[in-house]
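The values are calculated or read from the model by the stated rules, or taken from the named source; none is laboratory data. Small disclaimer: the values here were computed from a predicted structure and weren't measured. A quick note on method: Cβ atoms are made from the backbone with ideal geometry, for glycine too, and the neighbour counts reach across all protein chains shown. The protein model used for the area step is the full one, side chains on, heavy atoms only, and it has no ligands, DNA or RNA in it. Shrake-Rupley method; radii C 1.70, N 1.55, O 1.52, S 1.80 Å.
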Amino acid sequence: MKNLKNVKNKPPEPKSVYLNRELSWLEFNDRVLEEARDKHNPLLERVKFLAITCSNLDEFFMIRVASMKDLVNAGYDRPDPAGLTPASQLTAIAERTHQMVARQYSTYNRTLLPALHKEGIRILAWAELSDEQRLFAAEYFRSTVFPILTPMAVDAARPFPLIANKSLNLCLWINQVDSDEETAPDMAVVQVPSVIPRLVNLPSNSGHDFIFLENVILQHLDQLFSGVQIGPVSCFRIMRNADLDLSEEDAADLLKEIEKQLKMRQWGEVIRLEADADFDKTMLARLIEVLSIHEPDVYQISGPLDLTCLNQLYKLPNCAELKYADYESQPSPLFNQSDIFSSIRQRDIMLHHPFESFDPVIELVRCAAEDPDVLAIKQTLYRISGNSPIVRYLADAAERGKQVMVLVELKARFDEENNIHWAKKLEQAGCHVIYGLVGLKTHSKITLIVRRDDDGIRRYVHLGTGNYNDITANFYTDMGLLTCSESIGADASAFFNMLSGYSAPTTWHKLVLAPYWLRRELDRRIELESRHAQAGRPARIIAKVNSLVDTLLIDHLYQASQSGVKIELIVRGICCLRPGVPGLSENISVRSIVGRFLEHSRIFYFYNDGQEDLFLSSADWMPRNLDRRVELMFPIEDPQIWQRIMDVLSIQMSDTDRARLMQPDGQYVRVDRRGKPHVDSQLLLCQQALQAAGTQAEQIPDFSFNPVFSQSREKK
């Protein structure tokens, strides 16, 4: 790190002033796992949190660990900012992940499974089934499971089959009973079907009884392998490298190139093997050999592999008392339902999801599609739902003859296939579709509507921190701004002209664009706070992001801290900055909030000598967002909206229930609640949204009131 201010009597710094990105992410996933272990959360919510940690870990391995292995295979050995080479990172990741997996299954086996059983939700072994349940399972196997299965023998004539990514498989030894010669047993593999539920719902006189599908198959293997002797049987699951190797410059057709890469994703290099704890040693050695995997990447597990299937339990009927109290996103009181455009003309409108409904954004696009006075609609789409109403309305607008331009980002990871589908639909409807920019992901969230009003042409703009996704808007916390500001409208036009043509970006009025100006503007504002502090004036920065990784930005924050700037950071996930280190970052605090909703909004506040500037953005503080993505930051200038957002920041900074405070070594501790009012920021924002929508106080649910919530956390 360079140019940090020298401080007298400065204590020794850590080996690095940065934390490793991958290990910091694992700490985030551990905070999610803490929610699964927290007895103050409703039971099925805890089960859901556990399933989330497993799906998170899958994606982490398929992308981050896979890319690290690629670096090692390429002989790359330069250390990261934390001082770790790719090889040493893999060693540290494996050690930390083995600990996490052990904790996941301890949570499942010792805590959640007994708690579920107590509530009448039983996941049974075959030996625990009643005669009636065994008959049901046998018939289910015969009628539904057996026709799907494909037993795959492995012998001299049939090589080991290609195993699909994330698939669950049974592996077994086969002995030929009619052979006169004594030969080594053959191996066979049976893939557990993913097209039917993993948890088989059994008949029960009370409650809900289940058995894992693989256990049903295991009990009926003799119907798949007749005339042979079946030896030991175990389950295994593999993870493959799913990071797309995309060379855009060489791709004549980006859409076709991504479609080709998606097909290859299923068959990338094996990077992780999960196996039963009692897996036959000889069989496991054979698997390790044929999959070309290393010992640290083998995870032997005491429990069912792939706990993401537990999400199935969350959908059980008549279990409301085992979940968070229902919350329905509230309508904004600022909209005139008969004319959404007149509402925006009257004043800027802020929407805070999921506390406030996402419906006005959908309604805006619908009205624009149907309104004969709307001349053009332009929009960026990054992640959209599988049945997106916004896409339907955009297609409808094009069919009505309006000018519709849509940038569909095909490189949105794990949403590529969905985005390709919608891009084709939009093209068929007559929209002008752009498939992103070469070398850059378009991550900004912006809609421009050009309308012929009574007093002339006016531009209506929506800017957001989150995706145009009507599903995730119900559980991602995001903010959006609706405005017809002339200066923002002019910038929006310039933005879309840049995307669709050869218009080089010049200085704009209000919007700050990455990768051109956003990094420079953030650096300038942090430096300005430092100057104010050095001059003896108050200086303060508050930033809420999902991830803080960029070392150049971290350096500027360290410098500002040493100058006396008070810096309060709310970072949900990865944070490579070390807070609270004397002489380095003692004026910086970092908190992470993990709750029923996924914190996703990006908010930046700068005191600026009393001017108090506030911005929303689509960008996190990572190199990819600042240098390799098209992102937008936009100012909040309406006084009422400004105050609303500052109130949200204040509530989150006061959170005692869902917040964890980051320590200099990267560990997190819960807030000390002694002498403080108990604040769950997300639930408080739910209650405020209900009040703003006109709900009477006595009708507002006490979301925290639950038999398990009513206990004091200090009694744990």
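Residue by residue through region 273-287, note down the ones that are under 20 Å from Leu90 (Cβ atoms) and either open to solvent by 30 Å² or more (accessible area, probe 1.4 Å) or among the charged types (D, E, K, R) (or both). Glu274, the sole residue that qualifies.
Would you mind stating whether Ser338 is outside any strand (DSSP E or B) and open to solvent by 10 Å² or more (accessible area, probe 1.4 Å)?
Yes: the conditions hold for Ser338.
Kindly indicate whether any position in region 102-109 is modelled with pLDDT of 95 or more, aliphatic (A, V, I, L, M) and surrounded by 14 or more Cβ atoms within 10 Å (Cβ to Cβ). No: region 102-109 contains no residue that is modelled with pLDDT of 95 or more, aliphatic (A, V, I, L, M) and surrounded by 14 or more Cβ atoms within 10 Å (Cβ to Cβ).
Summed over region 118-128, the residues that are out of contact with any Gly (no Cβ under 9 Å at 6 or more places or on another chain), open to solvent by 60 Å² or more (accessible area, probe 1.4 Å) and of a type outside the set (Gly, Ala, Ser) give a count of 2.
For Ala492, the stated conditions do not hold, so it cannot be described as under 17 Å from Pro360 (Cα atoms), under 30 Å from the mean Cα position of the chain (by Cα) and assigned to a helix (DSSP H, G or I).
Here Lys445 passes the criteria (1) over 19 Å from Val361 (Cα atoms); (2) among the basic types (Lys, Arg); (3) out of contact with any helix residue (DSSP H, G or I) (no Cβ under 9 Å at 6 or more places or on another chain) except the one numbered (1). Considering region 580-625 alone, what residues qualify as being surrounded by 19 or more Cβ atoms within 10 Å (Cβ to Cβ), closer than 25 Å to Gly666 by Cα and of a type in the set (Ser, Thr, Tyr)? Once the filter is applied, which keeps residues that are surrounded by 19 or more Cβ atoms within 10 Å (Cβ to Cβ), closer than 25 Å to Gly666 by Cα and of a type in the set (Ser, Thr, Tyr), region 580-625 yields Ser585, Ser592, Ser601, Tyr605.
If you filter region 277-317 down to residues that are assigned to a loop (DSSP other than H, G, I, E, B) and farther than 30 Å from Asp209 by Cα, you find that the one that is farthest from the chain's Cα centre (by Cα) is Ser292.
Checking the structure you have, find out if any residue of region 124-140 is part of a loop (DSSP other than H, G, I, E, B) and free of Cβ contacts under 8 Å to residues at least 60 places away in the same chain. Looking for residues that are part of a loop (DSSP other than H, G, I, E, B) and free of Cβ contacts under 8 Å to residues at least 60 places away in the same chain, one finds at least one in region 124-140, hence yes.
This table checks each residue for (1) farther than 22 Å from Leu43 by Cβ; (2) modelled with pLDDT of 95 or more.
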residue: Leu273; (1), (2): yes, yes
residue: Glu289; (1), (2): yes, no
residue: Ser292; (1), (2): yes, no
residue: Asp306; (1), (2): no, yes
residue: Tyr324; (1), (2): no, no
residue: Ser332; (1), (2): yes, no
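Residues of region 561-574 that are open to solvent by 10 Å² or more (accessible area, probe 1.4 Å) and closer than 18 Å to Ala539 by Cβ: Gln562, Ser563, Gly564, Lys566, Glu568.
Scanning region 31-66 for residues being acidic (Asp, Glu), crowded, with 20+ Cβ neighbours inside 10 Å and within 15 Å of the chain's Cα centre (by Cα) gives a total of 0.
Of the residues making up region 495-524, those that are within 15 Å of Leu552 (Cα to Cα) and assigned to a helix (DSSP H, G or I) are Leu518, Arg519, Arg520, Glu521, Leu522, Asp523, Arg524. Only one of the numbered conditions (1) under 30 Å from Lys48 (Cβ atoms); (2) in contact with a strand residue (DSSP E or B) (Cβ under 8 Å, 6 or more places away or on another chain) is violated by Gly595, and that is (2). If only residues of region 422-439 that are in a loop (DSSP other than H, G, I, E, B) and surrounded by fewer than 18 Cβ atoms within 10 Å (Cβ to Cβ) are counted, the one that is modelled with the lowest pLDDT is Val438. Considering region 342-421, the qualifying strands (runs of 3 or more DSSP E), each wholly inside and each with 3 or more residues that are open to solvent by 10 Å² or more (accessible area, probe 1.4 Å) and of a type outside the set (Asp, Glu), run over 374-381.
Filtered by the rule that a residue be open to solvent by less than 30 Å² (accessible area, probe 1.4 Å) and at negative phi, region 301-328 gives Ile301, Pro304, Leu305, Leu307, Cys309, Leu310, Leu313, Leu316, Cys319, Leu322, Tyr324.
For region 75-101, a residue qualifies if it is open to solvent by 20 Å² or more (accessible area, probe 1.4 Å), over 11 Å from Asn20 (Cβ atoms) and under 24 Å from the mean Cα position of the chain (by Cα), and the qualifying residues are Leu90, Glu95, His98, Gln99. The number of residues in region 500-527 that are surrounded by fewer than 19 Cβ atoms within 10 Å (Cβ to Cβ) and of a type in the set (A, V, I, L, M) comes to 1.
For region 463-475, does any single residue satisfy the condition of being closer than 16 Å to Pro635 by Cβ, touching a helix residue (DSSP H, G or I) at 6+ places or on another chain (Cβ under 9 Å) and open to solvent by less than 10 Å² (accessible area, probe 1.4 Å)? Within region 463-475, one or more residues are closer than 16 Å to Pro635 by Cβ, touching a helix residue (DSSP H, G or I) at 6+ places or on another chain (Cβ under 9 Å) and open to solvent by less than 10 Å² (accessible area, probe 1.4 Å).
Restricting Leu632, Leu577 to residues that are more than 25 Å from Arg531 (Cβ to Cβ) and surrounded by 24 or more Cβ atoms within 10 Å (Cβ to Cβ) narrows the list to Leu632.
Can you name every residue in region 440-455 that is open to solvent by 10 Å² or more (accessible area, probe 1.4 Å) and either part of a strand (DSSP E or B) or in contact with a Pro (Cβ under 6 Å, 6 or more places away or on another chain) (or both)? Leu440, Lys441, Val450, Arg451, Arg452, Asp453, listed by residue number.
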